[in-house]
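As structure tokens, the structure follows; a few thoughts come after it.
The values are calculated or read from the model by the stated rules, or taken from the named source; none is laboratory data. These numbers were taken from a predicted model, which means no experiment stands behind them. For neighbour counting, all protein chains shown are included, and Cβ atoms are generated from backbone atoms with ideal geometry for every residue, glycine included. Keep in mind that these areas ignore ligands, DNA and RNA; they rest on the heavy atoms of the full protein, side chains included. Shrake-Rupley method; radii C 1.70, N 1.55, O 1.52, S 1.80 Å.
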Amino acid sequence: MPWTFIRDRAGTMQRVDTMGEITIQKVTPDAPEELFAAMSQLDMLCFSDAGWSPQDFMDEAAMESGIVLAAYCGKELAGLLAGFTASDTGEILTVATTPKYRRKGIARKLMEVFFSYVPEGTESIALEVRQSNTAAAALYKSFGFEKVGVRRRFYREPVEDADIMVKRLV
């Protein structure tokens, strides 16, 4: 995996993954407000009113255990992922890709980079996926996630159940 290191606004070195023209960067809470707004717009585009607010992304990035990633094609936001780890578990909370960048491996690369930030000793990662989102479910299965349950009426617009998926790491 090709890694580049850049210095963020606070002067901290951040690992950035590059794949051709796509760059994936870990988002820190001191990122420009415009980035959090763009992430919120993308999440709402993909998940309607259930999408995250700019403050939600900022709060997750500020958490010590938060992992917020942004994928860029040039300077354009192409995708995002937000998740966290806590003790021996973790969760992927949202993954979204701009429609014109779908089916180009961006979500896969975001997942790979997410797992590179998961600390040793983490035993499992969980997520929910809309039952009709077969492409996302197939991606998660390719990473070793297995369906372990269902959350009834988890999604709105339209109302739909979510499959709960878990990947065991140990």
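A few comments on the model shown:
- Virtual spin-label span in nm between F47 and S116, 7 Å along Cα→Cβ: 2.4 nm
- When the Cα convex hull of region 63-116 is projected onto planes of every orientation, the mean area is 4.0 nm².
- Remark: the Cα gyration tensor places region 80-159 in the oblate category, a/c being 1.5 or greater and a/b not exceeding b/c.
- Taking every alpha-carbon pair within region 14-104, the share separated by more than 21 Å comes to 26 percent.
- Among E120, E33, E60, the largest mean-square fluctuation in a Gaussian network model of the chain (Cα springs under 10 Å) belongs to E120.
- Calculated FRET efficiency for the pair S124/E34, C-beta based, R₀ 41 Å, to 0.05: 0.75
- Taking a straight Cα-Cα cut-off under 27 Å and skipping sequence neighbours fewer than 8 places away in the same chain, the lysines within cross-link reach of K100 are K26, K75, K109, K141.
- Stokes-Einstein diffusion coefficient of the chain, Kirkwood radius over Cα pairs, 4 °C, 1.567 mPa s, in µm²/s: 79 µm²/s
- For region 134-169 versus region 75-95, the inter-centroid distance based on Cα atoms is 15 Å.
- Looking at region 64-95, the GluC sites (Glu not before Pro) that sit in a DSSP loop and have at most 13 other Cβ atoms within 10 Å of their own Cβ are E64.
- The helix-based estimate of mean residue ellipticity at 222 nm for the chain, built from -39,500 (n - 2.57) per DSSP H run of four or more residues and divided by its residue count, is -8000 deg cm²/dmol to the nearest 500.
- Think of a 1.4 Å ball rolled over the protein heavy atoms: the chain then has 53 Å² of accessible area per residue.
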